[in-house]
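To start, the structure itself, in structure tokens.
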Amino acid sequence: MFPILFGLKKEMLMGGTGSGLYYRPIKNDTLDQHPSIDIHTLNRKGCLSPGSSSSTYWTKAKKTLYQIDIQVFRSVLILHIFDFENTHAKNVGYDVIKLTRTKCNYGGMRVWFTCSTCNRRVAKLLLVSKSLKCRHCSRLSYSSQNESHLDRLYRKIWKIRDRLGADSNLHIPIRGKPKYMHQKTFKKLAQEESDINKLINIMIEKYLLRL
């Protein structure tokens with residue numbers, strides 16, 4: 001009924017060329033827009049042994065934007081932060097982060113960061129204004145917290161269509177069952193995609209009527 005609207009692809013509604021037709025842009029900074037380090041990832045990779053050194057990188061479009069060098073001591077990490085502005089590494093500061101440990105229910109110890117601003121025990125720190133802070137001190141939210149109901153429907157239907165090997169353009173029908181997918185699963189996902197597609201169409205119609 002509205003082929004111009006229904007023919008839009010995911011990238012056109014997510015800030016690319018052709019965006020802004022009815023997509024509500026995210027107003028606040030979100031977690032995924034900032035470099036971060038995760039204590040569980042570092043621990044899994046064996047990067048928390050006292051005396052060890054390692055580096056973690058934050059890239060975008062295959063370009064390194066930030067590098068964080070990590071020096072490990074018994075109870076603290078020293079983190080050197082590098083900004084790759086104009087492709088040249090520039091040391092923009094360092095942070096000293098305390099480590100804390102808690103006992104696991106079935107034995108062993110779990111390691112946590114201690115946020116240097118609020119002293120919270122956290123698993124992830126984010127680089128904001130050249131300093132590493134927890135999500136609360138950074139005043140950052142998850143992307144989904146800034147989404148409207150329509151945003152969430154689009155995110156859900158694109159996830160389903162991706163599983164079905166379908167184009168992100170909702171105007172293009174699903175071709176058929178992907179190889180190795182059970183027929184029962186395919187029917188369930190196809191029906192869910194159809195239901196969400198109809199609901200999106202109804203919401204768009206209501207939006208256009210308000211205009």
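Observations
- Residue within segment 177-186 that is closer than 25 Å to His149 by Cβ and out of contact with any Cys (no Cβ under 7 Å at 6 or more places or on another chain) present: no
- So Leu42, is it at pLDDT 80 or above, outside any strand (DSSP E or B), outside the structural domain of Glu205 (by TED's automatic domain parsing) and surrounded by 14 or more Cβ atoms within 10 Å (Cβ to Cβ): yes
- Count - residues of segment 68-108 that are of a type in the set (S, T, N, Q) and assigned to a strand (DSSP E or B): 4
Table: residues versus (1) in contact with an Asp or Glu (Cβ under 6 Å, 6 or more places away or on another chain); (2) surrounded by 15 or more Cβ atoms within 10 Å (Cβ to Cβ); (3) at pLDDT below 80; (4) assigned by TED's automatic domain parsing to the domain that holds Ile37.
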residue	(1), (2), (3), (4)
Ser49	no, no, no, yes
Trp58	no, yes, no, yes
Arg74	no, no, no, yes
Leu79	yes, yes, no, yes
Asn86	no, no, yes, yes
Asn105	no, no, no, yes
Thr114	no, yes, no, yes
Ser129	no, no, yes, yes
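- Selected residue (criterion: farthest from Asn201 (Cα to Cα)) from residues of segment 153-172 that are within 18 Å of the chain's Cα centre (by Cα) and surrounded by fewer than 16 Cβ atoms within 10 Å (Cβ to Cβ): Asp162
- Flag if Leu199 is among the aliphatic types (A, V, I, L, M), in a helix (DSSP H, G or I) and closer than 22 Å to Arg152 by Cβ: yes
- Filter result (more than 27 Å from the chain's Cα centre (by Cα) and aliphatic (A, V, I, L, M)) within segment 182-209: Ile202, Leu208, Leu209
- Pick from segment 173-188, criterion out of contact with any helix residue (DSSP H, G or I) (no Cβ under 9 Å at 6 or more places or on another chain) and assigned to a loop (DSSP other than H, G, I, E, B), ranking: nearest to Asn201 (Cα to Cα): Pro173
- Residue that is modelled with the highest pLDDT, among those in segment 131-156 that are of a type in the set (D, E, K, R) and out of contact with any strand residue (DSSP E or B) (no Cβ under 8 Å at 6 or more places or on another chain): Lys156
- Single unsatisfied condition, Lys198 versus (1) modelled with pLDDT under 85; (2) exposed (fewer than 12 other Cβ atoms within 10 Å of the Cβ): (1)
The values are calculated or read from the model by the stated rules, or taken from the named source; none is laboratory data. None of these values were measured; they are calculated from a predicted model. When we count neighbours, we look across all protein chains shown, and the Cβ atoms used for this are built from the backbone with ideal geometry, even at glycine.
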